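Here the structure comes first, spelled out in structure tokens, and everything after it is commentary.
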């Protein structure tokens, strides 16, 4: 997997947050444009035996947050990243391990986001994420606005 140092740093950051560590979140893929995270069903199960909705939402939020953080690190920009608002649609129950993949929204631009952050010290961008079902369907979809504030 390329980007080994950046991913190790991101993983250490995830594991430093007790709620995230309790989910047993793992980074399973990053290609520069998309970040994939996984978490075992056993640590994220609800009373019906399927994935807990809060875990699905959290995993998609973390994947998108991580993607923004990785892009900032690659650009050499120190900034704090926050989710400003989000919308989640739960499509179907998931009775398998969770995997979320996040990417930039089709109407957003990394170049514009980074240029605005460099110029103004703050910027926003839009991301989407999804959790697939084993059969190829979708368990949950996520869209969100993330903001970054330059440090120092």
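Touching a helix residue (DSSP H, G or I) at 6+ places or on another chain (Cβ under 7 Å), more than 23 Å from residue 139 (Cβ to Cβ), without any contact (Cβ under 8 Å) to a residue 40 or more places away in the chain and surrounded by 13 or more Cβ atoms within 10 Å (Cβ to Cβ) - does that describe any residue in segment 68-79? Among the residues of segment 68-79, at least one is touching a helix residue (DSSP H, G or I) at 6+ places or on another chain (Cβ under 7 Å), more than 23 Å from residue 139 (Cβ to Cβ), without any contact (Cβ under 8 Å) to a residue 40 or more places away in the chain and surrounded by 13 or more Cβ atoms within 10 Å (Cβ to Cβ), which makes the answer yes.
The set of residues in segment 1-33 that are surrounded by fewer than 12 Cβ atoms within 10 Å (Cβ to Cβ), in contact (Cβ under 8 Å) with a residue 24 or more places away in the chain and not in a loop (DSSP other than H, G, I, E, B) contains only 19.
Of all the criteria given as (1) farther than 19 Å from residue 64 by Cβ; (2) surrounded by 13 or more Cβ atoms within 10 Å (Cβ to Cβ), the one not satisfied by residue 47 is (2).
Of all residue pairs spaced 6 or more apart or on separate chains, those with beta-carbon atoms under 7 Å, a first member in segment 52-66 that is on the phi < 0 side of the Ramachandran plot and free of Cβ contacts under 8 Å to residues at least 40 places away in the same chain and a second member that is assigned to a helix (DSSP H, G or I) and surrounded by fewer than 24 Cβ atoms within 10 Å (Cβ to Cβ) are 58/23.
Could you tell me how many of the residues in segment 34-44 are touching a residue at least 24 places away in the same chain (Cβ under 8 Å) and either under 15 Å from the mean Cα position of the chain (by Cα) or exposed (fewer than 14 other Cβ atoms within 10 Å of the Cβ) (or both)? Break it down into steps so the answer makes sense when it comes.
Taking segment 34-44 as the starting set, the residues that turn out to be touching a residue at least 24 places away in the same chain (Cβ under 8 Å) are 34-41, 44.
When the remaining residues are screened for being either under 15 Å from the mean Cα position of the chain (by Cα) or exposed (fewer than 14 other Cβ atoms within 10 Å of the Cβ) (or both), the result is 34-39.
The number of residues fulfilling the criteria is 6.
Taking segment 38-59 as the range and being assigned to a helix (DSSP H, G or I), in contact with a strand residue (DSSP E or B) (Cβ under 8 Å, 6 or more places away or on another chain) and over 15 Å from residue 11 (Cα atoms) as the test, the residues that pass are 41, 53, 55, 56, 57. Of the residues that sit in segment 104-134 and are within 18 Å of residue 36 (Cβ to Cβ) and out of contact with any helix residue (DSSP H, G or I) (no Cβ under 7 Å at 6 or more places or on another chain), which one is surrounded by the most Cβ atoms within 10 Å (Cβ to Cβ)? Within segment 104-134, the match that is surrounded by the most Cβ atoms within 10 Å (Cβ to Cβ) is 130.
Check 84, 129, 75 and return the single one that is in contact with a strand residue (DSSP E or B) (Cβ under 8 Å, 6 or more places away or on another chain) and under 23 Å from residue 31 (Cβ atoms). Before the answer, list the steps.
Numbers: 84 fails: under 23 Å from residue 31 (Cβ atoms); 75 fails: in contact with a strand residue (DSSP E or B) (Cβ under 8 Å, 6 or more places away or on another chain).
Of 84, 129, 75, the one residue that is in contact with a strand residue (DSSP E or B) (Cβ under 8 Å, 6 or more places away or on another chain) and under 23 Å from residue 31 (Cβ atoms) is 129.
All of the numbers you see were taken from the coordinates with simple rules; none came from a lab. Note that the structure is predicted; figures quoted are calculated from it, not measured. FYI the Cβ positions are ideal-geometry reconstructions off the backbone, even for glycines, and counts take in every protein chain you see.
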